[in-house]
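Undergrad: Sharing a structure here in structure tokens format.
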Amino acid sequence: MTDCDFSPFNDALLATASEDGSVKLWVTPQGGLTEHLKNSDATLLGHTKKVMGIAWHKSADNIIASHGGDNTVRIWDVEQQANTITFAGLGNVATAMKWSPLGDKLGVITKGGNLLSFDPRVEGSVATTMAHAGSKAQKLAWIDDESFFTAGFNKQAEREYCLWDARALD
């Protein structure tokens, strides 16, 4: 398991990211666990390499995003167990992925510093820019629905912090 996250709409629904390229869904029994769970309740398949991270949508029930070693971000409809949108061609592995507060954008930062923001409802709606030029992992956090903060490194491995306007990327 490389990541895990509970659904914001269902306290019993846990999603896990796996090295085998799958996202697994687990429903914990009412009253809590009394034994180890060995078999997931559903498996979302689509990534061709390990899944690095997942994030539930905070305002749309049964929607989760995942990013993997195959340089893609996938949006899933959990209820239908279907990959609804795939953003390919990130250019490198994502090191961070976060939904905006309203959920109308998904921010992604990749190894090597490529910063992307896209509307998950519209395939191909990607705005991109270079964030930090260093090769170490970088992170991002939304401040509000229009701006976000990134932390990373420059080529000399010195830490950098930046504030971004999502409307002004590209």
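Undergrad: For a quick check, take a GNM of the chain with Cα springs below 10 Å and name the residue from THR34, THR84, THR129 with the largest mean-square fluctuation.
TA: THR34
Undergrad: With 19 Å as the limit, write out which pairs from LYS24/LYS111; LYS58/LYS105; LYS49/LYS155; LYS38/LYS58; LYS111/LYS139 have Cα-Cα distances beyond it, or answer none.
TA: LYS24/LYS111; LYS49/LYS155; LYS38/LYS58
Undergrad: If I build a Gaussian network model for the chain, linking alpha-carbon pairs within less than 10 angstrom, which residue out of LEU102, LEU44, LEU33 has the largest mean-square fluctuation?
TA: Its mean-square fluctuation being the largest, the pick is LEU33.
Undergrad: ³J(HN,Hα) across the range 135-145 via Karplus (A = 6.51, B = -1.76, C = 1.60, θ = phi - 60°), whole Hz, x for Gly/Pro?
TA: My calculation for the range 135-145 gives 8, 6, 4, 10, 10, 9, 8, 6, 8, 8, 6 Hz in order.
Undergrad: Apply 1/(1 + (r/R0)^6) to the Cβ-Cβ distance of ASN154 and MET1, taking R0 = 30 Å, and write down the FRET efficiency to the nearest 0.05.
TA: 0.40
Undergrad: For the range 54-64, just list the computed ³J(HN,Hα) in residue order, Karplus coefficients 6.51, -1.76 and 1.60, θ = phi - 60°, integers in Hz, with x standing in for Gly and Pro.
TA: 9, 8, 5, 5, 7, 10, 10, 5, 6, 10, 9
Undergrad: Based on the Cβ-Cβ distance of SER59 and GLU19, what FRET efficiency does E = 1/(1 + (r/R0)^6) give at R0 = 35 Å, to the nearest 0.05?
TA: Values: r = 30 Å, r/R0 = 0.85.
That pair, SER59 with GLU19, gives E of 0.70.
Undergrad: Ok, one more. Give the residue list of trypsin sites (Lys or Arg not before Pro) in the range 1-80 that are DSSP loop and have at most 11 other beta-carbon atoms within 10 angstrom.
TA: Qualifying residues, ordered by number: LYS38.
Undergrad: Please give the per residue accessible area of the chain, computed with a probe of 1.4 Å over protein heavy atoms only, in Å².
TA: 52
Undergrad: While we're here: Stretch MET130-LEU37 to full length: gain in nm at 0.36 nm per residue minus the Cα-Cα span?
TA: Working: separation 93, 0.36 × 93 = 33.48 nm, distance 4.22 nm.
Residue separation times 0.36 nm, minus the Cα-Cα distance, leaves 29.3 nm.
Undergrad: Give the carbon-plus-sulfur fraction of the accessible surface of the chain in %, rounded to a whole number; probe 1.4 Å, heavy atoms of protein chains only.
TA: Here carbon and sulfur together make up 49 percent of the probe-accessible area.
Undergrad: Can you list residues from other chains, or at least 5 along the same chain, whose modelled amide H is less than 5 Å from the amide H of GLY134?
TA: PHE153, ASN154, LYS155
The values are calculated or read from the model by the stated rules, or taken from the named source; none is laboratory data. Bear in mind that the values here come from a model prediction, so they are computed numbers and not experimental data. For neighbour counting, all protein chains shown are included, and Cβ atoms are generated from backbone atoms with ideal geometry for every residue, glycine included. Areas reflect the complete protein model, heavy atoms only, side chains present, ligands, DNA and RNA absent. Shrake-Rupley method; radii C 1.70, N 1.55, O 1.52, S 1.80 Å.
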